[in-house]
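Written out below as structure tokens is the structure these notes cover.
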Amino acid sequence: MLKNCKEEDFYSLNLFVKNKLDKKIIPGFFVSSIIWAFVMTLVITVDVQNNTGINHQIWNKVIRLSQVMLVLQVLVTVFFTNLKNSFKYQRAKMIAICLVILKFSIEGYQIFFFFCADQNVPNYISNVGTAILIGGIVPLIIFIYVYVYLIKKGCFRKKGKKYSSNNAAVYVGGPLAFGIILIGGVMARHTSGNTTAIVTLICMAVIEYLMTIVLAKFFILVYCKFRFESFIEEMPQILLEENICWYKKPLLVLKSAAGWKASHKAPANALAIVYLEISMTIFIVLIIMVGIYRITTGKISDIYKLISIFTGGVGISLVLGLLIIALVLILLKLIKIIFKK
């Protein structure tokens, strides 16, 4: 579809990649998507464990899958928050972020289907949810074709007609979201006692369909990364000269984030690196403590229980790490104000 397009047809997208994407958007989204995944995993785990009226054999497998996916997501985030890896494996990073966006957009549906099983809602509601989930491929294809059309029309050239992806969110995503809410309203009006499932379906469907706009753009950017060398960024010379291992200097990163005067300003993703470093340290300590306890009490043979503890420990570590980061930043801010650092 884009075979006949030249590199200048992607000028605005190239600027977006170099000015915003790798420096601000991707590091922030990697971390925020982990928090979202943890919340979804925690909710489904707690709900299933505290419920006796559902098929635990099926839902325990759903929980394990959700927990394993969370662990993999954390590992991918840790890998790409390293500056060298981020620049060296840019194509792989773009593929990874597309998968994370896709996961982010549909992850909440497990909560909806759990409510369907828990509240014994009519089958047609869960069928509608399944149709909406699968139907997300339709706007994704539409938005990809929209981007292809705009590229061919020269909207992303240097002197072409300016285009913002916000237009798609307003003119296409808006009506889609309104249509989903309208369908949910009709379902709620004709179905009593299933409000929780319907509201959850509406929220998750709106998230999925709006994220198709983002995913379509990232698919185009993946294409550009593989086709044009100009989309592959070189590591800035200043980073090569001042190649600071931020993971070795977490206090310097936190001081920089708190606004202290420092010889080097920590980049945006350095705080994410420190956050994951603290969370990983907490996780290792928790696993060692739990492992020692289970070995001494002879409870080491239940492999599924061990997997559950392992993946659950990731979530606990992420929350504790976030709390520690927040408390330290507040403390450093107070010290800066009092002692004028």
Length gained if Ile316 through Val62 is fully extended, taking 0.36 nm per residue and subtracting the Cα-Cα distance, is 89.5 nm
Quick tally, 1.4 Å probe accessible area for Phe114, Phe79, sorted with the most first, runs Phe79, Phe114
Taking protein heavy atoms only, a 1.4 Å probe, and rounding to whole percent, the accessible area of the range 1-50 owed to carbon and sulfur comes out at 61 percent
Here the gain from full extension of Ile54 to Phe226, 0.36 nm per residue of separation minus their alpha-carbon distance, amounts to 57.3 nm
Pseudo-spin-label distance Ile25 to Cys155, built 7 Å along Cα→Cβ, given in nm, is 1.5 nm
Of 127-135, 140-148, ordering from highest average Cβ density within 10 Å down gives 140-148, 127-135
Share of accessible surface on carbon and sulfur in the range 89-136, whole %, 1.4 Å probe and ligands ignored, is 68 percent
Over the range 17-102, with neighbouring protein chains present, the accessible area per residue in Å² at probe 1.4 Å is 49 Å²
Note, Leu215: beta-carbon cut-off 12 Å, +1 each Lys/Arg, -1 each Asp/Glu, net +1
Expressed in angstrom and ordered largest first, the alpha-carbon extents of the range 83-129 along the principal axes are 51, 16, 8
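The values are calculated or read from the model by the stated rules, or taken from the named source; none is laboratory data. The model shown is predicted, which means the values in this text are computed figures rather than measured ones. FYI the Cβ positions are ideal-geometry reconstructions off the backbone, even for glycines, and counts take in every protein chain you see. Only protein heavy atoms, including side chains, enter the accessible area calculation; ligands, DNA and RNA are left aside. Shrake-Rupley method; radii C 1.70, N 1.55, O 1.52, S 1.80 Å.
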